[in-house]
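The values are calculated or read from the model by the stated rules, or taken from the named source; none is laboratory data. Computed from a predicted structure; not experimentally measured. As a convention, Cβ positions derive from the backbone with ideal geometry for all residues, glycine included, and neighbour counts pool all protein chains shown. Protein only, heavy atoms only, side chains kept; ligands, DNA and RNA dropped before computing areas. Shrake-Rupley method; radii C 1.70, N 1.55, O 1.52, S 1.80 Å.
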Amino acid sequence: MSTDEFYREHCPVTGRLISPMTDSRYRGIPTFFRAPLARSLSECDIALIGVPFDGGVTNRPGARHGPREIRNMSSLMRTTHHVTKINPYAIRRVADVGDVTFSSVYDLEKVGAEIAEYFDCIARAGVIPLSAGGDHSITYPILKGLGRGEPVGLIHIDAHTDTWDAHKGSKFHHGGPFRLATEDGLIDPERTIQIGIRGAQNTEEGWNYSRDKGMRVIFMEEFTELGVPGVLGEIRRVVGDRPAYVSFDVDGLDPVYAPGTGTPEVGGITTIEALALLRGLRGMPLIGADVVEVAPPFDASGNTALVGATLMYELLCLLSESGEAQSQVGP
């Protein structure tokens, strides 16, 4: 199947052949980037996935609505990147596979197991996942599902290290996914870099855990000193040329750019810096990525969801070129 044929479909009423991705952006069913809605993993190389869960938040809920609003705002994205000239849809078969579903949304352990099972199916099919959260607790079971037999590197952009221990009696919360992932051997802490960290805390536990395990933690003050080129140099030094995963929490950005999130921290990364940072990862062997903590109820303007959609598009461009991709568009 040619690339053009993959992204075209017949109108179910008239039978006329249409191309939803290049049609008027206010029309059609709002899938991620107006990509096709896949009925089978055999139909895609990169799966766009919603994980609408925020049962792991420690304060303000709302990220459960993130995937739907990111889908809405992603209709504003177009196909070809203005800097790299990459058209990810010409390189890979990209499709929206819908949302992870939950049988018991109030059971945190069961939710995690169902997310892990879902992404295990993705991995077994040889498909690369690009996900929209949801709170940051979802990244731990995603990594669990993608388990590759050996720890992977992690590029983590966030205001918080998310390496805290149990909170209010549960270890399955959005402040601890990378502690759990480290303890389960899913990520290599010495190939993990955490970028944009800032904000006062009631305990130094998370900061200390990241440091003691060998993670490279770049607090926002150092980010400002190094600049994007310096941070990119550190990413490549720490992560190297082996498989890695990217997790982008929108609270890593200054709340001026992303107010719709559960735990905003002032003094963060700008959108220009964030885009440059992601573009600088080009060529790295990435196994997947996520954008999390978009909470639309805290941003009536919709701007945070637009930021989330734009970050996802940048990540899609990276994943489409990644050496980790398993297949090409073709016969």
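Values computed for the structure shown
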{"read-out": "Thr182 being in a helix (DSSP H, G or I), among the polar types (S, T, N, Q) and touching a residue at least 60 places away in the same chain (Cβ under 8 Å)", "value": "no"}
{"read-out": "Region 274-318: number of residues that are surrounded by 24 or more Cβ atoms within 10 Å (Cβ to Cβ) and among the polar types (S, T, N, Q)", "value": "1"}
{"read-out": "Residue within region 323-331 that is open to solvent by less than 10 Å² (accessible area, probe 1.4 Å) and outside any strand (DSSP E or B) present", "value": "no"}
{"read-out": "Region 190-213, subset open to solvent by 20 Å² or more (accessible area, probe 1.4 Å) and not in a loop (DSSP other than H, G, I, E, B), residue farthest from Thr263 (Cα to Cα)", "value": "Glu190"}
{"read-out": "Region 109-120: number of residues that are touching a residue at least 60 places away in the same chain (Cβ under 8 Å) and over 14 Å from Val51 (Cβ atoms)", "value": "1"}
{"read-out": "Within region 218-237, tally of residues that are open to solvent by 20 Å² or more (accessible area, probe 1.4 Å) and either among the hydrophobic types (A, V, I, L, M, F, W, C) or in contact with a Ser or Thr (Cβ under 6 Å, 6 or more places away or on another chain) (or both)", "value": "4"}
{"read-out": "Pair list, Cβ under 6 Å, 6 or more apart: region 47-63 residue within 22 Å of Arg124 (Cβ to Cβ), other residue hydroxyl-bearing (Ser, Thr, Tyr) and open to solvent by less than 10 Å² (accessible area, probe 1.4 Å)", "value": "Ile49/Ser131; Val51/Ser131"}
{"read-out": "Output for region 273-306, where each listed residue is in a loop (DSSP other than H, G, I, E, B) and over 30 Å from Gly147 (Cβ atoms)", "value": "Asp299, Ala300, Ser301, Gly302"}
{"read-out": "Contacts under 8 angstrom Cβ, first residue in region 283-302 being touching a residue at least 24 places away in the same chain (Cβ under 8 Å), partner open to solvent by 20 Å² or more (accessible area, probe 1.4 Å) and hydrophobic (A, V, I, L, M, F, W, C), 6 or more apart", "value": "Gly302/Met73"}
{"read-out": "Test: Arg237 is part of a loop (DSSP other than H, G, I, E, B), farther than 24 Å from Asn59 by Cβ and at pLDDT 95 or above", "value": "no"}
{"read-out": "Verdict on Gly153 being closer than 28 Å to Ile70 by Cβ, modelled with pLDDT of 95 or more, open to solvent by less than 10 Å² (accessible area, probe 1.4 Å) and in contact with a Ser or Thr (Cβ under 7 Å, 6 or more places away or on another chain)", "value": "yes"}
{"read-out": "Cβ-Cβ under 6 Å pairs, at least 6 apart or on other chains, region 123-144 side over 28 Å from Asn59 (Cβ atoms), far side assigned to a helix (DSSP H, G or I)", "value": "Ala125/Leu41; Val127/Leu41; Ile128/Leu319"}
{"read-out": "Top-ranked residue in region 1-42 [being among the hydrophobic types (A, V, I, L, M, F, W, C) and without any contact (Cβ under 8 Å) to a residue 24 or more places away in the chain; ranked as surrounded by the fewest Cβ atoms within 10 Å (Cβ to Cβ)]", "value": "Val13"}
